[in-house]
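Note sheet for the following structure.
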Amino acid sequence: MSSSSSSHMANGSKKPEAIENQGRLYSMKYCPFAHRVRLILTLKQIPHDIVNINLQDKPDWYFQIHPEGKVPAYVDTDDAIITDSVTIANYLDQKYPAPPLYNDKTKSRDLELLDHFSKIINTFSNCIHDKDKRQFEEIVVETKDNLQEFEEELGIRKTPFFGGNNPGMLDILMWPWFERAKALTILYKRRASLDNERFPNLVSIHLI
C-alpha cells in the first residue's frame with residue numbers, strides 16, 4: 001500500500017515523479033508530526049508513497065510544495081496540497097471514512113484535548129532543542145500536571161482508548177510523542193515515569 005526510501009532528499013536532488021493513483025506524503029523519518037500522518041495512512045490502507053526530506057538541506061523544489069519547507073505535506077492524486085499534520089489527518093479521515101476516527105459524541109472534546117496536548121508538545125520540543133533551562137524535576141511535574149486531564153477523561157469514558165475500543169484520532173495524534181518520551185531519559189540521563197496510582201488509565205490501559 002505504500003513505498004518509501006530510507007534516504008532523505010537534499011538540495012540538488014531531483015523531484016521524484018508522481019505515482020499514478022497514489023497520494024504522496026512528504027515526510028522526515030524522525031518527525032513526530034509526519035509520524036501522525038503515516039499512522040493514519042497505514043491504518044486506513046490508503047495507497048501512497050513517502051518522500052523523505054532532509055530538513056537541514058532542503059531541495060529547492062520542495063518550497064513549491066510547502067513555502068516554509070516544513071513536513072508533513074500531502075499531495076493527493078488530484079494534485080491538491082495539504083499541509084499541517086492535523087489538517088492532513090482530518091482531510092484523510094473525511095475522504096477515507098473507514099475506519100472512522102472520530103465519535104460524534106466525543107469529537108468536540110477530542111479537539112479540545114488535542115489543543116491542550118500542544119502544551120506537552122511544546123515542552124518536549126523545547127527540551128529536545130535545549131531551549132528549556134529548567135530543572136528536570138520541574139519539567140516532569142509540569143508534564144504530569146498537564147497529563148492529569150487526559151487521565152481523568154479516560155476514566156470518564158471507561159474505554160481502553162479515547163476512540164473507544166480502538167484507537168481514534170486523538171490517540172493517533174498523541175502517540176508519536178509518547179513513543180519518543182524515552183528520548184528525554186537519554187537526554188537528561190534521568191528516568192521519569194507515570195505512577196500507577198495517579199495515572200492508572202494511561203499506565204495500564206492506554207499509552208505508557
Work out the length of the dipole vector of region 23-95 about its Cα centre, built from +1 on the beta-carbon of each Lys and Arg and -1 on the beta-carbon of each Asp and Glu, and round it to the nearest 20 debye. 320 debye
Please report how many Lys pairs in region 23-95 have alpha carbons closer than 16 angstrom, counting only residues at least 8 apart along the chain or sitting on separate chains. 4
Which option, [x] 28, 21, 15; [y] 34, 20, 15; [z] 31, 23, 13, is the value of semi-axes √(5λ) of the Cα gyration tensor in Å that was calculated from these coordinates? [z]
Positive dipole terminus of the chain, leading residue within Gln45, Leu114, Gln64 (C-beta point charges): Gln45
Spatial separation of Cα centroids for region 32-88 and region 92-129, in angstrom: 17 Å
Under a 10 Å cutoff between Cα atoms, tell me which one of Asp76, Asp171, Asp130 has the largest fluctuation in the Gaussian network model of the chain. Asp130
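Taking the Cα centre of the chain as origin, work out the dipole magnitude from +1 charges on Lys and Arg Cβ and -1 charges on Asp and Glu Cβ, in debye rounded to 20.
Charge dipole, the chain, about its Cα centre: 500 debye, nearest 20.
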In region 5-81, the trypsin sites (Lys or Arg not before Pro) that sit in a DSSP loop and have at most 10 other Cβ atoms within 10 Å of their own Cβ are Lys14
The extension gain from Arg109 to Arg198, computed as 0.36 nm times the residue separation minus the Cα-Cα distance, is 29.8 nm
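A short reminder: the numbers here are calculations on the coordinates, not readings from a lab. All of these numbers come straight from a predicted model, not from anything done at the bench. All Cβ positions, glycine included, derive from the backbone under ideal geometry; neighbour counts span all protein chains shown.
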